[in-house]
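Only one structure is covered here, and it is reproduced in the block below.
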Amino acid sequence: MAPPAATDWSPLWISLETSITATLITLVAGLAAATWRERRTGAATALVDGICLLPLVLPPTVVGFFLLLLLGRNGPLGKLLLWLGATVVFSWPATVIAAAVVAFPLMYLTARAALEQVDSRLLEAARTLGATEWRVFREVALPLAWPGVLAGTILSFARALGEFGATLMLAGNIPGRTATIPIAIYFAVESDDMRSAVAWCAADIAISLALLSGLYYWTHAQGPARWARR
Amino acid sequence: MPLEVHIEKRLPEFTLDVSFSAGDGPLGILGASGAGKTMLLRCIAGLEHPNRGRIVLGDRTLLDTERRVRVPARNRRVGLLFQHYALFPHRNVGENIGFGLHDLTRGERERRVRDVLERTHATGLERRFPREISGGEQQRVALARALAIEPEALLLDEPLSALDTHLRSQMEAQLQETFLEYRRPSLLVTHNIEEAYRLSDRLLVLSRGRVAALGPREEIFRRPPSVEVARVTGCKNFSRARAISENVIEAADWSCQLRVAQTITRPVAHVGIRAHLIDFAESSSGGDTEENTFPCWLVRSSETPFRITLYLRLNKPPDESGRFELQAEVFKEKWERFRGRPLPWHVRLSPESLFVMPE
């Protein structure tokens, strides 16, 4: 079900590049936020939780609008970037930013759940054995939380791939630069190009389905047999 | 290389406020659940932070809140053994033990791993994962891992309580052996009185965050300084008491006067006797004239494989309330000899077995 030859393939590559980059950013940011959050308790952290989860519940158009205000020519970050000689709005990085912000809550939530599940006594044992906090994280917490972190990564990737509203607000529809698959679908339908729309829809469904079922298979295949001598 | 601990830590229920010093060798720490035993170990290991205090190990100050010294757990060189082993499930035994030997060369690390495994009788497990070995082996590996970093003190938090009876006695023998060669301060937290007694010459009893007793085990068992300590060390029989003369007391809850072997110097609040030291007069009559001997009736009994616990009412027959004053523990052979005798029996609380406790 490939798109017709006349169709431009760029939305696929833009979508994949955007999603991969956004997922990597989300992975690092989500892990950092989750680790930070795990060590703290109190009212302030609840507010942080709320802020971290907002992009999950707000309409993507609202997220996109806020990002536009923040990064636009008159926005605080936008001015700073302009001073540095860069504009983000309506460029490829904007698709990455929009996708990363929208996918972040999924990564944050799953990473936190996975890190919380790690037996704190193992981390303490590592500390009494002389490990620095970085080693405790890298060699004990992260490997033990890895299944959850990987699940979060895949969910984030799938979410980034499907991002439409915020991307349209912040990055617009510039074919070959910011037009991702969802945006290509929208504009194909709008210009009555049903063949392209159906083809891109099929591509999107195929990628997401493969990812999600792969994730499901993988988490079940990795049962209690993990960490046993084979 | 003594370990000196003076700490105060506020907890939701009470304040942990302990001061003691432990020399080389094992020190058993007893106390009711929630007395602060585990918290004490965690403070020494650096996993919890006391509100105030000082911890000195040999010539190193691990904590001094006044001088704002707080050595992080990773630099304390204090080995900690957890009740549930806390082995890293994703690393094999060799890697678990090698975890603390990160700075050594590979060859040196492997040599050390082999060496501690030999010392803990766990040779040959290097390539196995924790979930593939038994609980007893896991605790041996955890001990090996703690010893591998050559800690300057060893903290053991109920190391035997997750093991079944058989593995427990094997692991106890292992600890005994380890304590013989590892002559550094070793704090052993346990619920099991006999285990504490067998493994450590000195005992510390914690009660609601305070040191209730500290000293040689024989002394603490023979003359517990308070009802709390007597109870923690397994004593079952107490009565409120007051002194009548230098060595006679009136036991209010047992409604009798008793001669004691100790010379009473301080005001007496309680008297106690251990269940296995309660004796029964052989003759069934005329015993009442002997000292510290009283008629008693059996309220109920409960059996263990080799012994029987008798719940006794002193001086009067039991009523429907089921009240009893004394718990006596006798071996089954002895029980067989006098179980058929008519009630009342005559119980003897020998002056040497009684101990008095001040307010």
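The values are calculated or read from the model by the stated rules, or taken from the named source; none is laboratory data. Remember, it's a predicted structure, so these values are computed and weren't measured experimentally. Counting neighbours? That spans all protein chains shown, and the Cβs are built from the backbone with ideal geometry, glycine included.
Suppose the filter is surrounded by fewer than 20 Cβ atoms within 10 Å (Cβ to Cβ), under 30 Å from B:Ala45 (Cα atoms) and either hydrophobic (A, V, I, L, M, F, W, C) or within 17 Å of the chain's Cα centre (by Cα) (or both); does A:Leu129 pass it?
So A:Leu129 fails the test.
Taking the condition more than 30 Å from A:Trp218 (Cβ to Cβ) and in contact with a Gly (Cβ under 9 Å, 6 or more places away or on another chain), does A:Leu71 pass?
Yes; evaluated as a whole, the condition is true for this residue.
When the stretch B:137-165 is examined, which residues are found to be surrounded by 22 or more Cβ atoms within 10 Å (Cβ to Cβ), within 12 Å of chain A (Cβ to nearest Cβ) and in a loop (DSSP other than H, G, I, E, B)?
Correct list: B:Pro151 only.
The conditions are (1) under 29 Å from B:Gly31 (Cβ atoms); (2) assigned to a strand (DSSP E or B), and B:Arg313 fails exactly one of them. Which is it?
(1)
Looking at A:Val57, A:Val101 in this structure, which one is within 19 Å of the chain's Cα centre (by Cα) and surrounded by fewer than 15 Cβ atoms within 10 Å (Cβ to Cβ)?
Of A:Val57, A:Val101, the one residue that is within 19 Å of the chain's Cα centre (by Cα) and surrounded by fewer than 15 Cβ atoms within 10 Å (Cβ to Cβ) is A:Val57.
Residues checked against (1) within 14 Å of chain A (Cβ to nearest Cβ); (2) crowded, with 23+ Cβ neighbours inside 10 Å; (3) not basic (Lys, Arg):
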site: B:Leu41; (1), (2), (3): yes, yes, yes
site: B:Ile44; (1), (2), (3): yes, yes, yes
site: B:Glu48; (1), (2), (3): yes, no, yes
site: B:Gly53; (1), (2), (3): no, no, yes
site: B:Leu57; (1), (2), (3): yes, yes, yes
site: B:Thr65; (1), (2), (3): no, no, yes
site: B:Arg70; (1), (2), (3): yes, no, no
site: B:Arg74; (1), (2), (3): yes, no, no
site: B:Val78; (1), (2), (3): yes, yes, yes
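Consider B:Ile55 against the criteria (1) out of contact with any Cys (no Cβ under 9 Å at 6 or more places or on another chain); (2) closer than 17 Å to B:Leu187 by Cα: it satisfies all of them except one. Which criterion is unmet?
Unmet for B:Ile55, out of (1) out of contact with any Cys (no Cβ under 9 Å at 6 or more places or on another chain); (2) closer than 17 Å to B:Leu187 by Cα: (1).
Of everything in the stretch A:143-195 that's surrounded by fewer than 20 Cβ atoms within 10 Å (Cβ to Cβ), touching a residue at least 40 places away in the same chain (Cβ under 8 Å) and more than 17 Å from the chain's Cα centre (by Cα), which residue is nearest to A:Leu129 (Cα to Cα)?
The extreme case among them is A:Arg177.
Which residue is modelled with the lowest pLDDT, if the candidates are limited to the stretch A:211-230 and must be surrounded by 13 or more Cβ atoms within 10 Å (Cβ to Cβ) and away from chain B (no Cβ under 14 Å)?
Checking each candidate, the answer is A:Thr219.
Taking the stretch B:91-136 only, how many residues are away from every other protein chain (no Cβ under 14 Å) and assigned to a helix (DSSP H, G or I)?
Within the stretch B:91-136, residues that are away from every other protein chain (no Cβ under 14 Å) and assigned to a helix (DSSP H, G or I) number 12.
Select, from A:Leu82, A:Leu68, the only residue that is over 17 Å from A:Leu161 (Cα atoms), in contact (Cβ under 8 Å) with a residue 60 or more places away in the chain and part of a helix (DSSP H, G or I).
Going through A:Leu82, A:Leu68 in turn, just one is over 17 Å from A:Leu161 (Cα atoms), in contact (Cβ under 8 Å) with a residue 60 or more places away in the chain and part of a helix (DSSP H, G or I): A:Leu68.
For B:Gln262, state whether it is assigned to a loop (DSSP other than H, G, I, E, B) and surrounded by 12 or more Cβ atoms within 10 Å (Cβ to Cβ).
yes
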